[in-house]
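This report refers to the structure that appears directly beneath it.
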Amino acid sequence: MSKQHVYTIATIRDLHGAMAMITNMAGRGLEGGTIEIAIRRPGKSRIQEAKYHAMIADIHRQCFRGYSVDGVKAVLVNQFALELEEQGTPLANPGQKVWDWKSQEAVYVRPTTTKFRKAEAAAFMEFLYATGAELGVAWSEPALKAYSEFKEAA
């Protein structure tokens, strides 16, 4: 049982239906050995992710074409994490420096947007909008739509 199954439960009625499926799957999974069942609050949504990727794409395309999109995203995430740290509200899952014993230097592992909480993803979008404004980014239609939908939802 290597595949992860996630059920979003918002009501007691959802809970009853999900528990039946979980019980069935857990029973089958136990045939192969020990399993884990986790309960957590939902993280950021795929919609939030798509929205900030549209904004990152505009920043990359207009300001930093000489670098990869992944490289620009890494810098933006790092700057965002540093800003939050300076404000005294660091990310729940911050980056870390790890010692490379072969090259004898520190390697920075940036925070991953995959582990952003909903509020962190929302704050990241605000950060991207402000950063883009500072850089003179002319937002594309997808990025403008993403940001306006985000502002309406907030």
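Here are Tyr52, Tyr67: which of them is within 30 Å of Pro142 (Cβ to Cβ), at pLDDT 90 or above, loosely packed, with under 15 Cβ neighbours inside 10 Å and of a type in the set (Phe, Trp, Tyr)?
Answer to the selection: Tyr67.
Has the range 104-115 got any residue that is more than 11 Å from the chain's Cα centre (by Cα), of a type in the set (S, T, N, Q) and exposed (fewer than 13 other Cβ atoms within 10 Å of the Cβ)?
For the range 104-115, residues more than 11 Å from the chain's Cα centre (by Cα), of a type in the set (S, T, N, Q) and exposed (fewer than 13 other Cβ atoms within 10 Å of the Cβ): present.
Taking the condition of being under 16 Å from Ala121 (Cα atoms) and either open to solvent by 70 Å² or more (accessible area, probe 1.4 Å) or not in a helix (DSSP H, G or I) (or both), how many residues in the range 76-95 meet it?
Residues in the range 76-95 being under 16 Å from Ala121 (Cα atoms) and either open to solvent by 70 Å² or more (accessible area, probe 1.4 Å) or not in a helix (DSSP H, G or I) (or both): 11 in total.
So which residues in the range 1-31 are assigned to a helix (DSSP H, G or I), touching a residue at least 24 places away in the same chain (Cβ under 8 Å) and open to solvent by 70 Å² or more (accessible area, probe 1.4 Å), if there are any at all?
Arg28
Report yes if some residue within the range 137-150 is of a type outside the set (Asp, Glu), under 30 Å from Leu15 (Cα atoms), touching a residue at least 12 places away in the same chain (Cβ under 8 Å) and crowded, with 18+ Cβ neighbours inside 10 Å; otherwise report no.
Taking every residue of the range 137-150 in turn, at least one turns out to be of a type outside the set (Asp, Glu), under 30 Å from Leu15 (Cα atoms), touching a residue at least 12 places away in the same chain (Cβ under 8 Å) and crowded, with 18+ Cβ neighbours inside 10 Å.
Going by what's in this entry, would Val98 be described as among the hydrophobic types (A, V, I, L, M, F, W, C), more than 22 Å from Pro42 (Cα to Cα) and either assigned to a strand (DSSP E or B) or open to solvent by 80 Å² or more (accessible area, probe 1.4 Å) (or both)?
Here the answer is yes, as Val98 does meet what is asked.
Kindly establish whether Thr34 is of a type in the set (Ser, Thr, Tyr), open to solvent by less than 90 Å² (accessible area, probe 1.4 Å), modelled with pLDDT of 90 or more and not in a helix (DSSP H, G or I). First the steps, then the outcome.
Numbers: of a type in the set (Ser, Thr, Tyr): yes; open to solvent by less than 90 Å² (accessible area, probe 1.4 Å): no; modelled with pLDDT of 90 or more: yes; not in a helix (DSSP H, G or I): yes.
No.
Do you know which of the residues in the range 116-131 that are charged (D, E, K, R) and over 17 Å from Lys145 (Cα atoms) is least open to solvent (accessible area, probe 1.4 Å)?
Looking only at the range 116-131, we keep the residues that are charged (D, E, K, R), and these are 117-118, 120, 126.
Keeping just the survivors that are over 17 Å from Lys145 (Cα atoms) gives 117-118, 120.
Details: Arg117: 146, Lys118: 106, Glu120: 25 Å².
Out of the qualifying residues, it is Glu120.
The values are calculated or read from the model by the stated rules, or taken from the named source; none is laboratory data. Just so you know, these numbers come straight off a predicted model, no measurement behind them. Ideal geometry is used to build each Cβ from the backbone, glycine not excepted, and the neighbour counts take in all protein chains shown. The protein model used for the area step is the full one, side chains on, heavy atoms only, and it has no ligands, DNA or RNA in it. Shrake-Rupley method; radii C 1.70, N 1.55, O 1.52, S 1.80 Å.
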